[in-house]
1. Looking at B:Leu65 and the list (1) exposed (fewer than 11 other Cβ atoms within 10 Å of the Cβ); (2) of a type outside the set (D, E, K, R); (3) touching a Pro at 6+ places or on another chain (Cβ under 9 Å), which single condition is not satisfied?
2. Check B:Pro14, B:Pro79 and return the single one that is without any contact (Cβ under 8 Å) to a residue 24 or more places away in the chain and closer than 16 Å to B:Val157 by Cα.
3. Out of curiosity, is A:Gln177 without any contact (Cβ under 8 Å) to a residue 40 or more places away in the chain and part of a helix (DSSP H, G or I)?
4. Please pick out the residue among B:Ala181, B:Ala129, B:Ala186 that is over 30 Å from A:Pro75 (Cα atoms) and either in a helix (DSSP H, G or I) or of a type in the set (Gly, Ala, Ser) (or both).
5. Within the group B:Val247, B:Val190, B:Val215, which residue is of a type outside the set (Asp, Glu) and either closer than 30 Å to B:Leu43 by Cβ or in contact with a strand residue (DSSP E or B) (Cβ under 6 Å, 6 or more places away or on another chain) (or both)?
6. So B:Val30 ticks every box in (1) under 19 Å from B:Val254 (Cβ atoms); (2) over 26 Å from the mean Cα position of the chain (by Cα) but one. Which box is left unticked?
7. Go through (1) more than 12 Å from every other protein chain (Cβ to nearest Cβ); (2) modelled with pLDDT of 95 or more for A:Asn99 and report which single condition fails.
Amino acid sequence: MTAKGASIEFREVRKTYGDFVALERFTMSVAQGEFMTLLGPSGSGKTTALNSLAGFVDADSGDILIDGVSITRMPTEKRNIGMVFQNYSLFPHRDVLGNVAFPLEMRGVAKAEIVRRSMKALEMVRLDGLAKRMPHELSGGQKQRVAFARAVVFEPRVLLMDEPLGALDLKLREAMQLEIKQYQREIGCTVIYVTHDQGEALTLSDRLAVMEKGAIRQLGAPEELYDRPNSRFVAEFIGSNNILAVEGAAGDDTLVSGLGAVRLSGGARTQRGFVAIRPEHVRRSAAAGWPATVRQAVFFGDSFRYLVEAEAGAEISFVEPRRAGAAAAAPGETIRIEFDEGGLIHLPE
Amino acid sequence: MNLTRPAILLLLLPALLLVGLVFLLPIAGVLSLSVHGEAGFTLEPLRELFGSKVALLVLERTFTLALSVTAICLALGYPAALFMSGLSSRARAWVTYLILLPFWISILIRTYTWIVILGREGIVNRGLAAVGAEPLQILYTDVAVRIGMVQILLPIVILACLASMLDIDRDLVKAARVLGASRWAAFRKVFLPLSLSGVATGGIICFILCLGFYVTPALLGGRRSTIIANLIDIQVHRTLNWGFAAVLASALLVSTLACLGIFRLLTRRRAGFAAAGFGK
């Protein structure tokens with residue numbers, strides 16, 4: 001399979017259902033061969049964006065282009081897009097081969113060629129031995145692979161995936177993430193992937209867009225969004241964060257609710273907004289730092305997770321890797337905590 | 001709720017008794033009547049059946065009528081169900097009420113109404129006269145019988161088809177479309193095959209109900225529209241030949257069961273085709 005990805009562009013796409021605004025001036029460019037994830041809670045518009053690209057919903061206004069050509073007037077079947085659905089959507093009356101062959105049949109490919117290409121797609125997902133099975137005879141992971149093979153068998157330049165791993169259990173999900181990423185590299189198509197699972201988004205994506213209320217809140221590479229969230233919403237949605245309100249400034253320091261004066265990452269000076277502190281950027285210290293009382297200590301095997309209350313009232317959770325000979329703090333105990341350099345991120349909103 | 005076996009039996013007992021007493025027992029009676037004469041066991045009524053051209057003709061006519069009415073009901077009912085499956089659930093509920101509305105009126109009255117509509121001086125012929133056309137002889141023909149039966153059976157077929165359509169995951173049609181199928185191809189390759197179970201259910205219920213129809217053919221049909229239920233009635237009420245009536249009823253029962261058997265065989269083979277899928 002040599003199909004290379006197409007570029008995709010959403011231009012100010014708007015879609016409403018009655019009073020509900022599903023997409024509001026949604027603008028996004030996806031480069032050729034890029035793996036782009038739309039991440040957001042349900043109702044944030046990510047599926048509407050995907051469906052408007054696939055042609056299942058007509059946008060009220062705006063334009064969508066594939067390789068610079070507007071497709072908004074093009075019927076779904078002419079858009080040449082591969083798609084994997086959340087519940088697989090395998091045709092229950094066709095066997096595995098019949099499912100994978102479907103897009104090729106629709107394109108009028110010769111019969112022998114259909115079988116050859118379908119089997120090749122099934123080989124890629126290592127299911128060529130199950131070609132004659134019916135969908136109901138497959139496990140969840142196998143169904144997922146068939147759905148993937150069916151979506152890419154006709155070498156589409158754009159592949160859409162709508163929460164494709166949502167119905168699988170955690171272990172299988174992690175294995176399938178790696179597979180999907182590997183297949184995408186082999187095929188080279190552009191992928192738009194919709195999920196509400198931030199872990200999945202961080203693992204798979206070249207870039208990801210965090211969505212809320214029909215608009216993109218932040219768009220960037222996974223590390224960028226993890227390390228420099230631009231808002232409280234993004235900071236809370238990606239990973240876990242301690243979020244404290246800013247109360248004012250004192251010289252180079254910022255006064256933070258429940259904690260006191262801190263030095264923000266990058267020397268940021270502000271009077272308003274919030275401060276985010278990742279649990280892995282908090283440490284126990286021997287002498288210096290803020291005194292805090294341990295409220296909870298939860299054992300996680302390789303680490304302890306603590307919830308502590310600072311003297312001024314802020315509740316802060318953090319992770320402490322276990323080391324040989326180091327004793328864990330017990331609830332009720334008073335300890336001291338300090339923050340990594342650059343671990344305090346300012347959130348303007 | 002988990003029930004013990006005795007509890008299940010106890011709960012089923014009233015229904016089993018009722019079915020046994022008022023259904024199975026009489027059927028056994030009818031079956032035995034067809035091979036019992038005054039002098040004990042006899043095959044005389046059976047011989048009479050195969051010797052009677054009228055009986056065989058009526059039996060054949062009954063099945064032809066049932067088949068044609070079923071075909072018309074499916075041809076009209078499937079598109080109606082298709083339309084309903086695309087409605088919002090609210091609108092669908094209303095349409096369902098409308099479809100069930102005729103059930104509030106007795107079959108007898110509905111059948112008499114057709115006499116008013118189709119009769120010599122009926123609405124249809126008066127309409128034709130008004131535009132200067134020749135009147136049509138519709139009443140007391142097979143056409144009138146079919147119209148009357150279709151009207152009565154259509155709701156059942158529509159609802160059976162609708163039930164299977166509502167079971168189809170709409171994402172399957174979407175998947176077909178995005179994978180390259182036109183509207184028509186998605187319908188033909190995905191929606192239609194998946195809705196066939198409802199077509200089969202509706203068709204077989206309709207067919208079996210047709211076989212037992214009595215009032216409509218009696219009132220709307222002519223002499224040549226007599227079907228087996230009418231013939232049985234004549235044997236019971238006029239000629240008092242109960243043995244022959246019983247053998248006719250048994251013949252109907254046996255041939256109905258035979259039809260069901262063939263149907264099962266056919267649908268199983270169809271499922272086999274589906275299992276073989278592409279490439280067969």
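The values are calculated or read from the model by the stated rules, or taken from the named source; none is laboratory data. Predicted model, so just to flag it, every value in this text is computed and none were measured. Positions of Cβ are backbone-derived with ideal geometry, glycine not excepted, and every protein chain shown enters the neighbour counts.
1. B:Leu65 satisfies all of (1) exposed (fewer than 11 other Cβ atoms within 10 Å of the Cβ); (2) of a type outside the set (D, E, K, R); (3) touching a Pro at 6+ places or on another chain (Cβ under 9 Å) except (1).
2. Values: B:Pro14 fails: closer than 16 Å to B:Val157 by Cα.
Going through B:Pro14, B:Pro79 in turn, the sole match is B:Pro79.
3. Working: without any contact (Cβ under 8 Å) to a residue 40 or more places away in the chain: yes; part of a helix (DSSP H, G or I): yes.
When the stated conditions are applied, A:Gln177 passes them.
4. Values: B:Ala181 fails: over 30 Å from A:Pro75 (Cα atoms); B:Ala186 fails: over 30 Å from A:Pro75 (Cα atoms).
After ruling out the rest, the residue left standing is B:Ala129.
5. On the way: B:Val190 fails: either closer than 30 Å to B:Leu43 by Cβ or in contact with a strand residue (DSSP E or B) (Cβ under 6 Å, 6 or more places away or on another chain) (or both); B:Val215 fails: either closer than 30 Å to B:Leu43 by Cβ or in contact with a strand residue (DSSP E or B) (Cβ under 6 Å, 6 or more places away or on another chain) (or both).
Testing whether each residue is of a type outside the set (Asp, Glu) and either closer than 30 Å to B:Leu43 by Cβ or in contact with a strand residue (DSSP E or B) (Cβ under 6 Å, 6 or more places away or on another chain) (or both) leaves just B:Val247.
6. Failed condition: (2).
7. Unmet for A:Asn99, out of (1) more than 12 Å from every other protein chain (Cβ to nearest Cβ); (2) modelled with pLDDT of 95 or more: (1).
This table checks each residue for (1) modelled with pLDDT of 95 or more; (2) surrounded by 17 or more Cβ atoms within 10 Å (Cβ to Cβ).
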| residue | (1), (2) |
| --- | --- |
| B:Leu118 | no, yes |
| B:Ile123 | no, no |
| B:Gly132 | no, no |
| B:Arg177 | yes, yes |
| B:Leu194 | no, yes |
